[in-house]
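For reference, the structure discussed in these notes is given below.
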Amino acid sequence: MDWKFAYGPALALIATPVAAQEADPIADETREQEGGVVSAAIGGGTLGIGPEVGWRFSDHMGVRADASFLRVGADPSSDDLDYDARLKLQSYGAMVDVYPFGGAFRISAGARINRNRADLLAQLPGEGSVGLGDGTYTAAQVGRISGEADVKGFAPAFTLGWGGSKRRGMFIAADAGVLLQGSVRVREFTATGTSSGDPDFRADLEQERQAIQDDVDDYKVYPIVTLRIGYRF
């Protein structure tokens, strides 16, 4: 008996679904190219930590939206005072992505609603004294100094990045660039000590605020570095 002849039809039946299965990725890729892919990711970096959703609707274009949150402590100092700074990162952004070569590399531009701010606190030890402006004051006279710093609420953003391929599945992406946040604004300082109502003390306290303002005036550009992991559907 010709075994090839006998088993030929059976082999053909088995091969048909296998061939169809092997063709599925090509069909899936074709559908992705036609309709784009939607992605969801979680990321972290200099803007904070938070979710991102995206839609790459062609080989060369896409859009993304994200939110970022984080609280960080720091210990800046100014002259004789050491501050306890509590930085609160909170921003929401949208980006338009251009993939000039149709691959993973992207150039992105967009903007963020920027609610980043910092609370500043300073308190002298019980027996200490400090120079503020043109005067010198005891801990009791100063009490606790508090202030706040923030930035403008709307800021353009520009990044270069690597977004991964357009295929469905897990992906890793990275972006680096700048947020044009403008000057940091240090708000009016207040104090709780016995001299808090004295005009001369308040003038010296304003000099302290202005000295800190001068220190941060040059920080108009905030760096963006972000790494994300996600899934494309």
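The values are calculated or read from the model by the stated rules, or taken from the named source; none is laboratory data. Source: prediction; values computed, not measured. Here the Cβ positions follow ideal geometry from the backbone for every residue, glycine too, while neighbour counts run over all protein chains shown. Side chains included, ligands, DNA and RNA excluded: accessible areas come from the protein's heavy atoms. Shrake-Rupley method; radii C 1.70, N 1.55, O 1.52, S 1.80 Å.
Summary table
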{"item": "Mean shadow area of region 115-233, taken as a quarter of the surface of its Cα convex hull (nm²)", "result": "10.3"}
{"item": "15 Å beta-carbon shell around SER196, net charge (K/R +1, D/E -1)", "result": "-3"}
{"item": "Region 146-208 - Rg over Rh from alpha carbon coordinates, Kirkwood radius", "result": "1.38"}
{"item": "Residues whose placed amide H lies under 5 Å from that of GLY36, excluding near-sequence neighbours", "result": "none"}
{"item": "Difference of contour (0.36 nm per residue) and Cα-Cα distance, ILE172 to SER58", "result": "39.1 nm"}
{"item": "Region 178-233 - charge dipole about Cα centre, Lys and Arg +1 at Cβ, Asp and Glu -1, debye rounded to 20", "result": "760"}
{"item": "For region 54-149, alpha-carbon Rg relative to the globular expectation (2.2 N^0.38 Å, N residues)", "result": "1.81"}
{"item": "SER78/ILE49 FRET efficiency (R0 41 Å; Cβ-Cβ; nearest 0.05)", "result": "0.90"}
{"item": "Computed label-point distance, nm, for sites GLU148 and TYR92 using a 7 Å Cα→Cβ extension", "result": "1.9"}
{"item": "Under 15 Å, Cβ to Cβ, from SER183 - net charge with Lys/Arg +1 and Asp/Glu -1", "result": "0"}
{"item": "Positive dipole terminus of region 173-217, leading residue within GLY182, ALA203, VAL216 (C-beta point charges)", "result": "GLY182"}
{"item": "Farthest toward positive dipole pole in region 73-115 [+1 Lys/Arg, -1 Asp/Glu at C-beta], among VAL98, ASN114, SER78", "result": "VAL98"}
{"item": "Computed over region 105-152, Cα set: Rg, Dmax in Å", "result": "19.2, 59"}
{"item": "Length gained when the stretch ALA111-SER183 is fully extended (0.36 nm per residue, less Cα-Cα span)", "result": "24.3 nm"}
{"item": "Förster radius 25 Å - calculated FRET efficiency between ALA85 and GLN207, Cβ distance, rounded to 0.05", "result": "0.80"}
{"item": "Accessible carbon and sulfur surface of region 58-137 relative to its total accessible area, %, 1.4 Å", "result": "54"}
